[in-house]
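Trainee: Quick one: the structure is below, questions incoming.
Throughout, read-outs are computed from the coordinates displayed, never taken from laboratory work. In this text, all values refer to a predicted model and were calculated from it rather than measured experimentally. Glycine gets a Cβ as well: all are built from the backbone with ideal geometry, and neighbour counts include every protein chain shown.
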């Protein structure tokens, strides 16, 4: 049985350097704000997501050793955030209900942010370091956002997603160099369960789809 989620309205955003996980800024997200989850539906969707086997196992692992919180909230719409992992204040995942469209959207966002939580709490990654943040973004992209992308396109997908998020925190040149430098080292296979199975190993370009 899962603890009920906490709800906060418009939490203060952490330092930009420590903010990870961005929504795709498509025109439809800018022009149409209808159809997003309200706070009640968002809390229900989170309760459902926490019962997904892969999410449940990773959350259980993290909470056995750390005080991880998963919060539903409203975020500034102009930030186009679906969710983020905050370090500090506290070790918390925020899910931005007003920028999430569906239950599936929430589940995928939670999976993405759980990779960052795992990397910070278990792998001791320091997201103030562009290389370490880029590595975590590559891991999240490869095992969540781009997991089901055809192999021939996967490398491009992972690079695109990781670069999009890393440039939120660092200038374009620094972010691009960090992502390209880490791309062949940080891919994570096996979906979210890959975190628990330790399937992080160097991948060559053939494995990433080149």
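Trainee: May I ask you to derive the relative contact order of segment 130-197, considering only C-alpha pairs under 8 Å and at least 6 residues apart, and to give it as an integer percent?
Mentor: Answer for segment 130-197 is 48 percent.
Trainee: Let me ask something else. Mind giving me the nanometre distance, one decimal, between the label points for residue 152 and residue 129, set 7 Å out from Cα along Cα→Cβ?
Mentor: Taking the simple label geometry, residue 152 and residue 129 are separated by 3.8 nm.
Trainee: Taking neighbour counts of Cβ atoms within 10 Å as a proxy for exposure, in what order, fewest first, do 55, 138, 44 appear?
Mentor: In order of increasing Cβ crowding within 10 Å: 44, 55, 138.
Trainee: On full extension of the chain, what length is gained from residue 197 through residue 177, given 0.36 nm per residue of separation minus the C-alpha to C-alpha distance?
Mentor: Working it through step by step, the gained length comes to 4.3 nm.
Trainee: Contour minus end-to-end for residue 39 and residue 67, with contour as 0.36 nm per residue of separation and end-to-end as the Cα-Cα distance?
Mentor: That works out to 7.7 nm of additional length.
Trainee: Please report how far the C-alpha centroid of segment 40-63 lies from that of segment 121-151, rounded to the nearest whole angstrom.
Mentor: Centre-to-centre (Cα) distance: 20 Å.
Trainee: I've got another one for you. Could you tell me the calculated FRET efficiency between residue 184 and residue 56, based on Cβ-Cβ distance and R0 = 45 angstrom, to the nearest 0.05?
Mentor: 0.90
Trainee: Something else: Fewest first, what order do 107, 82, 61 take by the number of other Cβ atoms within 10 Å?
Mentor: 61, 107, 82
Trainee: By counting other Cβ atoms within 10 Å of each Cβ, how are 84, 185 ranked from fewest to most?
Mentor: Ordered from fewest to most neighbouring Cβ atoms within 10 Å, 84, 185 come out as 185, 84.
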